[in-house]
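Contents: one structure, followed by commentary.
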Amino acid sequence: MKHKDYCFRSRGDLNKRLQKRLLADDIRVRSIQSNIKKISSKQVEALSQTTTTQIPINSGVTMQTLNYIVTVTLGGRNMTVIVDTGSDLTWVQCQPCRLCYNQPEPLFNPSISPSFQTVACNSSACLSLESATGNSGLCGTNSQTCGYLVSYGDGSYTKGDLGQDHLVLGRTSVDNFVFGCGRNNRGLFGLASGLMGLGRSDLSLISQTSGVFGGVFSYCLPSTEAESSGSLIFGGDPSVFKNSTPISYTKMVPNPQLFSFYFLNLTGMTIGGVAVQDSSFGKSGFLIDSGTVITRLPPSIYKAVKAEFLKQFSGYPSVPGYSILDTCFDLSTYEEVNIPTIKVHFEGDAQMEVDVAGVFYFVKNDASQVCLALASLQYEGEIGIIGNFQQRNTRVIYDTKQSQVGFAKETCSFM
């Protein structure tokens, strides 16, 4: 699994593009916070013998996104999609398309797939749209096909019809997989053909395949510079993992109003082995999200983490901030620096050690502007989010049946 930035050979325009994507990442976080507030204001499977399959996961830099991408086979066609644990509905751009953004792959054409079927308005899948997307199914008086709309706080959206088709993940086939056939799509999706929703609602890929994979999936995200791919694994067989440390598990925090998100109880952080002191730890759930790039901390926690980091990483010249990152250094004259370790602690003595590749964001290749890859939320009451940048080279296991998330160190590679 490669980060998309790895494949760029020309760096001249890349920094501008990456700055735009960090701003887009901030818009995504604002959108998540907005959706949480909306959902919170409302009242809103049996285990079987399971299998395990894995597919390569790569950096999306080649697709002009800082998220991670995988390739799946849908209706006999390969489609490259963004991996997102913060979304539920999987969708791809479809023909005929009224308004589509550019993508290098051909648009999915339902008319040439012998296994494609439309989804009816009175189906359970159509009725599940509201909990999965926040919008109920769109069924006109003259249409028997279930339409959908997913909109985002940054103005991005996808609109189209629900369909079902044959999906292949690695060596495992899934029949009658329900997805969105997007015919009107705009937004910050880079050049990907669509999005894979790995949330917890009934329409997510995880829920639809729970009878095959037991509601368990995991990933190991490689750094942008890595030459090897990481892996996205469906199923709970730990023998296929390559972790170098034992897996430590923490319970998911239940939230009936926000049931499709993955909430964890973050109880503390350590910098270079020193515990960060803040009374906010353990008082509210944090989201873990593969679709958010930079980890966001409540202002009080961020202030304490930043202070301890600067205390240990001292003597290096500071430079102006970059986009949402406000703690930056000029390390261009140093051949070697000692970077303090960062560990995130969760309820149940689980911990995630941030890989060295997830501590600093290199704005400039010559290291003249290198920033601490953490950012502050605007307000104390907002929900903290653990982004994909800090999850690099870590095996992250989501077990929806046991309601737990596991962490272990792993050098990401796909075999």
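Spelling out what I want: for every residue of segment 321-332, take phi, set θ = phi - 60°, compute 6.51 cos²θ - 1.76 cosθ + 1.60 (Karplus), and round to whole Hz; glycine and proline get x.
Ordered by residue, 3J(HN,Hα) equals x, 9, 6, 7, 9, 10, 10, 10, 9, 9, 10, 5 Hz.
Please state, to two decimals, what the Cα-based radius of gyration of segment 248-409 comes to when divided by 2.2 N^0.38 Å (N = residues). Could you put the intermediate results ahead of the total?
Working: Rg = 15.8 Å, N = 162, 2.2 N^0.38 = 15.2 Å.
For segment 248-409, the normalised Cα radius of gyration comes out at 1.04.
Output ³J(HN,Hα) for segment 297-310: one whole-Hz value per residue in order, computed from phi by the Karplus curve 6.51 cos²θ - 1.76 cosθ + 1.60 with θ = phi - 60°, and x for Gly and Pro.
Once rounded to whole Hz, the list reads 10, x, x, 5, 5, 4, 4, 5, 5, 4, 4, 5, 4, 5.
FRET efficiency for K20 and E347, Cβ-Cβ distance as r, R0 = 30 Å, nearest 0.05?
Values: r = 37 Å, r/R0 = 1.22.
FRET efficiency, K20 to E347: 0.25.
Ignoring ligands, DNA and RNA, please state the percent of accessible area on segment 52-234 from carbon and sulfur, probe 1.4 Å. Each step should come with its number before you reach the end.
Values: 3030 of 6580 Å².
That share works out to 46 percent.
Give, as a single signed number, the net charge of other residues whose beta carbon lies under 14 Å from the beta carbon of K283, with Lys and Arg counted +1 and Asp and Glu -1. Before the final figure, lay out each step's value.
Values: positive: none; negative: D278, E347, E380, E382.
My count for the surroundings of K283 gives -4.
Can you give me the long-range amide H partners of T394? Hydrogens built in the peptide plane at 1.01 Å from N, cutoff under 5 Å, separation of 5 or more residues or another chain.
Here the answer is L221, E410, since their amide H atoms fall under 5 Å of that of T394.
I'd like the per residue volume of the convex hull spanned by the Cα atoms of segment 60-114, given in cubic angstrom. Write down the numbers at each step before the final one.
On the way: hull volume 5.5 nm³, N = 55.
In segment 60-114, the Cα convex hull volume per residue is 99 Å³.
Got a number for carbon plus sulfur as a percent of segment 248-409's accessible area, 1.4 Å probe? Don't skip to the end; give the middle numbers.
On the way: 3130 of 6310 Å².
Here it works out to 50 percent.
Students often forget the sequence filter, so: which lysines lie under 30 Å Cα-Cα from K409 once same-chain residues fewer than 8 apart are removed?
Counting by Cα, and skipping residues close in sequence, K409 has these lysines nearby: K2, K4, K242, K251, K283, K303, K306, K311, K343, K364, K401.
For the chain, what is the mean residue ellipticity at 222 nm derived from helices alone (per DSSP H run of n ≥ 4: -39500 (n - 2.57); sum divided by total residues; nearest 500 deg cm²/dmol)?
On the way: 6 runs with 58 residues, N = 415.
After summing the helix terms and dividing by the residues of the chain, the value is -4000 deg cm²/dmol.
Computed on alpha carbon atoms, what radius of gyration and Dmax characterise the chain, expressed in Å?
Radius of gyration, then largest Cα-Cα span, for the chain: 20.9, 70 Å.
When the C-alpha atoms of segment 103-163 are aligned to their principal axes, what extent does each axis show, in angstrom, from largest down?
Taking max minus min along each principal axis of the Cα atoms, segment 103-163 gives 31, 30, 20 Å.
Let me cross-check F263: its accessible surface, 1.4 Å probe, with only protein heavy atoms counted, in Å² to the nearest 10?
In the full protein context, F263 sits at about 10 Å².
Measure out, as a whole number of angstrom, how far apart the alpha-carbon centroids of segment 146-196 and segment 207-261 sit.
Measuring centre to centre over Cα atoms gives 21 Å.
Once amide H atoms are placed 1.01 Å from N in the peptide plane, what residues at a sequence separation of 5 or more from F263, or on another chain, have their amide H within under 5 Å of its amide H?
Amide H neighbours of F263, under 5 Å, 5+ apart: V253.
How charged is the neighbourhood of Y219? Take every other residue with its Cβ under 11 Å from the Cβ of Y219, and add Lys/Arg as +1 and Asp/Glu as -1.
Details: positive: R392, R395; negative: E410.
Counting the neighbours of Y219, the net charge comes to +1.
Compute the accessible area per residue over segment 351-415, keeping the other protein chains in place, probe 1.4 Å, unit Å².
On the way: 2130 Å² over 65 residues.
I get 33 Å² per residue for this part.
Out of segment 96-179, which trypsin sites (Lys or Arg not before Pro) are coil in DSSP terms and have no more than 12 other C-beta atoms within 10 Å? Provide the component values of the computation, followed by the final result.
Values: sites: R98, K159, R171; in loops: R98, R171.
Listed in order of number, the matching sites are R98, R171.
Where in segment 241-342 are there GluC sites (Glu not before Pro) that are in a DSSP coil and have at most 11 other Cβ atoms within 10 angstrom of their Cβ? Could you put the intermediate results ahead of the total?
Working: sites: E308, E335, E336; in loops: E335, E336.
The qualifying sites are E335, E336.
If the cut-off is 17 Å between C-alpha atoms, which aspartates and glutamates fall inside it for K16, apart from same-chain ones fewer than 8 positions away?
D5, D25, D26, D366
Give me the mean projected area, in nm² to one decimal, of the convex hull enclosing the Cα positions of segment 52-234.
10.0
The values are calculated or read from the model by the stated rules, or taken from the named source; none is laboratory data. Since we're looking at a predicted model, the values are computed, not measured. Here Cβ is always computed from backbone atoms with ideal geometry, including for glycine, and neighbour counts include all displayed protein chains. These area figures cover heavy atoms from the full protein model, side chains too; ligands, DNA and RNA do not enter into them. Shrake-Rupley method; radii C 1.70, N 1.55, O 1.52, S 1.80 Å.
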